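The block underneath contains the structure these notes are about, expressed in structure tokens.
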Amino acid sequence: MKKKNILTLISIFFLSLISFGYYLKFSPFAYPDTQVEYDAKIGMWHKKNFTGVIAEECYRNSYEFDAKGMLKSTYNYDSKKKDVILLGDSYLENLMLESENRIHNLLAKQFNNKYNFLNYGLAGSSPVEQLVILKEKVNLNSAKYVLHLVTLWNDLKGVNAKNLDPLARPKVYIDFKTLDDYTLFPPRKKNLYDGIGDVISGFGAYYFLVNSLYYIRDIIEPEKKTKDSDMDNKHDLPKNWLQLKGAIYQTNKHIIEYGVEYKIVISSKHEENGKKFAEFLNKQNIDYILLDKYVKEKKLELESFSCDNHWNAKTLLRISKLIQKVGLIR
């Protein structure tokens, strides 16, 4: 095929893609854009000054990020008050919920706006990336607490580079030899794949392209879809546990330098792993609450959306009340 014909086909493809994207974006069938972009320190971070939509079978909701890529709050930031920094993955980010039902806004209301609750949750991140987020994005000079949500079934997988999905956005990685001996590997440099993703991420077609890639991958390599799907149910994971403990240990070490208190909320689907992690936190003198133990004792459940298992508004309200009730934050 002649070079001219190849260029023509490529041009037609991208023009068609852009046209299809605009149609989806401004049609009743609009699909969500991606909420992240390339970040040289973390690999990905929220788009700045951005309004988007997140949608699944059982929910559809809008969200808004400010000039720092932070989720906007239902209240105004007050520089006279201390900050509570929230770290975690999509279970903390809560994009699938209305703004008033996201955990940072629920906590602000629960504590009568005593603190500024700042949500640094990032979907797809683990405590390894969250440690870098803390160091690169967060000003701890005005903070009183760092409140960290650890979802063991996600985090025991995400902290190990062997489990990183090659189709996903690049990520920073820290390889721990011991709790104090580690090497930080910056995210790979932005490549053509990332650039194309950033360009087309503002179009509705992005949703279809990404899901098509995963669909094709799952057909070619079906074992990847189920492999290590529930890491919290696997117990012989020495490297994964070292990675998780190293990230938490270094997070605590960094926080202590600023005189800030570190608090952890643990969610574990399996009692054995929850106890194992709690034992480590006890040795480090880090305060925590174990959600699963609490709901079991109270004969409750962590209710979630039927289509993707993210916690619903009722569960997050229950968690915010528990944090106040047990005095994790005062």
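Quick check on this structure: which one of G88, G43 is buried (at least 22 other Cβ atoms within 10 Å of the Cβ), modelled with pLDDT of 95 or more and at positive phi?
Values: G43 fails: modelled with pLDDT of 95 or more.
The conditions single out G88.
Look at region 303-319 and say how many of its residues are closer than 15 Å to L95 by Cβ and part of a helix (DSSP H, G or I). Show your work before the answer.
Filtering region 303-319 for residues closer than 15 Å to L95 by Cβ gives 304-305, 307-313, 316.
Checking the rest, the ones that are also part of a helix (DSSP H, G or I) come to 313, 316.
Number of matching residues: 2.
Let me confirm something: among E129, E98, which residue is more than 22 Å from D78 (Cβ to Cβ), under 14 Å from the mean Cα position of the chain (by Cα) and of a type in the set (D, E, K, R)?
Details: E98 fails: under 14 Å from the mean Cα position of the chain (by Cα).
E129 is the lone residue from the list that is more than 22 Å from D78 (Cβ to Cβ), under 14 Å from the mean Cα position of the chain (by Cα) and of a type in the set (D, E, K, R).
Test Q130 against the criterion of being surrounded by fewer than 22 Cβ atoms within 10 Å (Cβ to Cβ), under 30 Å from I319 (Cα atoms), of a type in the set (S, T, N, Q) and modelled with pLDDT of 80 or more, and give yes or no. Steps first, answer last, please.
On the way: surrounded by fewer than 22 Cβ atoms within 10 Å (Cβ to Cβ): no; under 30 Å from I319 (Cα atoms): yes; of a type in the set (S, T, N, Q): yes; modelled with pLDDT of 80 or more: yes.
No: the conditions fail for Q130.
Output the number of the condition that L97 fails; it satisfies all remaining conditions of (1) in contact with a helix residue (DSSP H, G or I) (Cβ under 6 Å, 6 or more places away or on another chain); (2) closer than 25 Å to Q284 by Cα.
(2)
So, in region 161-193, exactly how many residues are in contact with a strand residue (DSSP E or B) (Cβ under 9 Å, 6 or more places away or on another chain) and of a type outside the set (D, E)? Walk me through how you get there before you give the answer.
The first filter runs over region 161-193 and keeps only residues in contact with a strand residue (DSSP E or B) (Cβ under 9 Å, 6 or more places away or on another chain), leaving 161, 164, 168-177, 182-188, 190.
Pick out the ones that are also of a type outside the set (D, E) and you get 161, 164, 168-174, 176-177, 182-188, 190.
Of the residues in that region, 19 qualify.
In the list I248, I264, I220, which residue meets the criterion of being over 20 Å from the mean Cα position of the chain (by Cα), modelled with pLDDT of 60 or more and among the β-branched types (V, I, T)? Talk me through it step by step, then tell me what you get.
On the way: I248 fails: over 20 Å from the mean Cα position of the chain (by Cα); I264 fails: over 20 Å from the mean Cα position of the chain (by Cα).
Just one listed residue meets the conditions, I220.
Only residues that are among the aliphatic types (A, V, I, L, M), touching a strand residue (DSSP E or B) at 6+ places or on another chain (Cβ under 8 Å) and without any contact (Cβ under 8 Å) to a residue 24 or more places away in the chain: list them for region 33-85, please. First the steps, then the outcome.
Initially, region 33-85 is screened for residues among the aliphatic types (A, V, I, L, M), giving 36, 40, 42, 44, 53-55, 67, 70-71, 84-85.
With touching a strand residue (DSSP E or B) at 6+ places or on another chain (Cβ under 8 Å) added as a condition, the list becomes 36, 44, 53-55, 70-71, 84-85.
The answer is V53, and nothing else.
So which of K263, K253 ends up being out of contact with any helix residue (DSSP H, G or I) (no Cβ under 7 Å at 6 or more places or on another chain) and in a strand (DSSP E or B)?
Working: K253 fails: in a strand (DSSP E or B).
That would be K263, the only listed residue that is out of contact with any helix residue (DSSP H, G or I) (no Cβ under 7 Å at 6 or more places or on another chain) and in a strand (DSSP E or B).
Could we say that N105 is surrounded by 20 or more Cβ atoms within 10 Å (Cβ to Cβ), within 14 Å of the chain's Cα centre (by Cα), closer than 22 Å to K48 by Cα and not basic (K, R) here?
Values: surrounded by 20 or more Cβ atoms within 10 Å (Cβ to Cβ): yes; within 14 Å of the chain's Cα centre (by Cα): no; closer than 22 Å to K48 by Cα: yes; not basic (K, R): yes.
No.
Can you tell me which condition L300 does not meet? The list is (1) among the aliphatic types (A, V, I, L, M); (2) in a strand (DSSP E or B); (3) open to solvent by 30 Å² or more (accessible area, probe 1.4 Å), and all the others hold.
Unmet condition: (2).
With assigned to a helix (DSSP H, G or I), open to solvent by 40 Å² or more (accessible area, probe 1.4 Å) and not aliphatic (A, V, I, L, M) as the only criterion, which of Y294, Y258 stands out? Before you say what the answer is, go through the steps one by one.
Values: Y258 fails: assigned to a helix (DSSP H, G or I).
The conditions single out Y294.
Taking region 46-85 as the search range and keeping residues that are open to solvent by less than 70 Å² (accessible area, probe 1.4 Å) and in contact with a Cys (Cβ under 9 Å, 6 or more places away or on another chain), which one is farthest from L122 (Cα to Cα)?
Ranking the qualifying residues of region 46-85, first place goes to C58.
If I go through region 238-253 residue by residue, how many of them are under 17 Å from L149 (Cα atoms) and in contact (Cβ under 8 Å) with a residue 60 or more places away in the chain? Give the steps one after another, and end with the answer.
Of the residues in region 238-253, the ones under 17 Å from L149 (Cα atoms) are 241, 243-252.
Applying the additional criterion that residues be in contact (Cβ under 8 Å) with a residue 60 or more places away in the chain yields 241, 243-251.
Going through region 238-253 one residue at a time, the tally reaches 10.
From the residues in region 143-170 that are within 20 Å of L86 (Cα to Cα) and open to solvent by 40 Å² or more (accessible area, probe 1.4 Å), which one is modelled with the highest pLDDT?
Looking only at region 143-170, we keep the residues that are within 20 Å of L86 (Cα to Cα), and these are 143-156, 158-159.
If we keep only those that are open to solvent by 40 Å² or more (accessible area, probe 1.4 Å) as well, we get 144, 154.
Numbers: K144: 98, N154: 93.
Selected residue: K144.
The values are calculated or read from the model by the stated rules, or taken from the named source; none is laboratory data. Not measured: the values here are computed from a predicted model. Counting neighbours? That spans all protein chains shown, and the Cβs are built from the backbone with ideal geometry, glycine included. What goes into the accessible areas is simple: the full protein's heavy atoms, side chains included, and nothing from ligands, DNA or RNA. Shrake-Rupley method; radii C 1.70, N 1.55, O 1.52, S 1.80 Å.
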